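What follows is a set of notes on a single structure, which appears directly below.
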Amino acid sequence: MGFFSKPFQLEKQALNNISTYRFFIRQLVRINLLAAFKKSFIGWTWLIIMPILTVLVWVLLHGAGIVSPGKTDIPYPAYVLLSTSIWGFFIDIYAQSSTTISGGGRMMVMNKFPGEVLIAEKVVVHLIRFSIPLMLNLLVLLFFGVRFSWHAFLFPISLLPLLLLGLALGQVIAVFRVLTVDIVKIVDEFMKLLMFLTPVVFAPKLEVGWMKGFVDWNPLTYLIGFSRELLTKGQWFETSTYLLVSASCVFLYALSLRFYLRTYPKVLERLINN
C-alpha cells in the first residue's frame, strides 16, 4: 500500500464521480458564471475591458522607453494581448484550483460530494471565461494583418499542457493552503513574479546574463511560445522542447491528482475542526 498503490483506481473512481455528479457540476458552473459579476453594471464586459487595459499599460511603458521588449514578429499591442491572455489561461486555472478545498471544503462536507467535482467545475468555468477574450485576440490579430493558417485550429489543443501544469500546481497548493500559510504565500508571490520572468511582455530572445538563462530553462517559455507562434505564424516553436515539457506536464498532473485525491479527505477534517 502507499502513494503508488492500486494504479489508476483512484483516477477511475474520480472519473466515475465526475460522471455521476455531472448535473451538479452543471449547476455549480451556472451559479459561478452568474455570480461572478452579479453586482457589476457591465458584467461580463470586464473580461474584454481588463485585457485591453493591461495592453494599454504595457504599450504606454513601451512608448515611453521604460520597457524594451525586443523585436516581435507581430505589432507589440497584439503581441502583449495574446501573450497575456495565454499567461492568464495558465495562472487563472492555478488560482482557481488552488482554492478548491479552502473555498469549497465546507460545502463538500455539508453536501457530501467528492473533491474532484469542484476541480471539474473550475475547469469548465475557466474554459468558458477564456473563450471570450480569445475572440478579442483573434479580432485584434486580424486587425493588425495577421493571417491564420490551418495550424490555428491546433491552438486550443496546444494549450492543454498549460492547463495541466496550472492544475497540477493548483491541486498541490489547495492542500497546503489549509495546512500551512507560509508555503502558500511564498508560492503565490512567486507566481506573480513569474510573469516577469517569462516571455509574455518581451520577446523570448534575450541577451542579458542570468535573465537569458532563466528564460531558456523556464518551461513556460516553450509552452507559451509554442501556442503563440502556432496561432500567429503557423509555425512550430522549439518543437522538441515543447513536447518534452508537455510530457512532463502530463506526468506532474498525474502525480498531483493522486496526491490531491489521497489527501483532501484528511485535509477536510482539519478544515472543519479548525
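Laboratory data are not the source of any read-out in this text; all were calculated from the coordinates shown. Keep in mind that what you see is a predicted model, and the values were worked out from it rather than measured. Cβ placement follows ideal geometry from the backbone for every residue including glycine, while neighbour counts extend to all protein chains displayed.
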### Estimated distance in nm for a label pair at Phe24 and Arg262, the labels positioned 7 Å out from Cα along Cα-to-Cβ
2.5 nm
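On a full-extension model of 0.36 nm per residue, what is the gain between Arg270 and Ile31, subtracting their alpha-carbon distance, rounded to one decimal in nm? Spell out each step's value before the answer.
Working: separation 239, 0.36 × 239 = 86.04 nm, distance 2.71 nm.
That pair, Arg270 and Ile31, stretches by 83.3 nm at full extension.
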#### Entry: Distribution of pairwise C-alpha distances over the stretch 93-160, 5 Å bins, in %
3, 13, 18, 18, 13, 10, 9, 7, 5, 3, 1
### Message
Within the stretch 166-200, name every residue whose backbone N is under 19 Å away from a label modeled 7 Å from Cα of Leu127 along the Cβ vector.
### Response
166-171
### Task
Let me have the relative contact order for the stretch 9-273, percent, based on Cα pairs under 8 Å that are six or more residues apart.
28 percent
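Can I get the semi-axes of the stretch 9-273's equivalent ellipsoid? Compute them from the C-alpha gyration tensor as square roots of 5 times the eigenvalues, in angstrom, largest first. Before the final figure, lay out each step's value.
Values: eigenvalues 222, 88, 68 Å².
Value: 33, 21, 18 Å, ordered largest first.
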### Query
Using a simple spin-label model with points 7 Å from Cα along the Cα→Cβ vector, what separation in nm is obtained for Leu179 and Met50?
3.0 nm
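Over the residues of the stretch 70-188, compute the C-alpha Rg and express it relative to 2.2 N^0.38 Å. Numbers along the way, then the final one.
Numbers: Rg = 17.4 Å, N = 119, 2.2 N^0.38 = 13.5 Å.
Rg over 2.2 N^0.38 Å, computed on Cα atoms: 1.29.
If the chain between Leu60 and Glu189 were fully stretched, how many nm would it gain, using 0.36 nm times the residue separation less the Cα-Cα distance? Before the final figure, lay out the partial values.
Details: separation 129, 0.36 × 129 = 46.44 nm, distance 2.53 nm.
Value of the extension gain: 43.9 nm.
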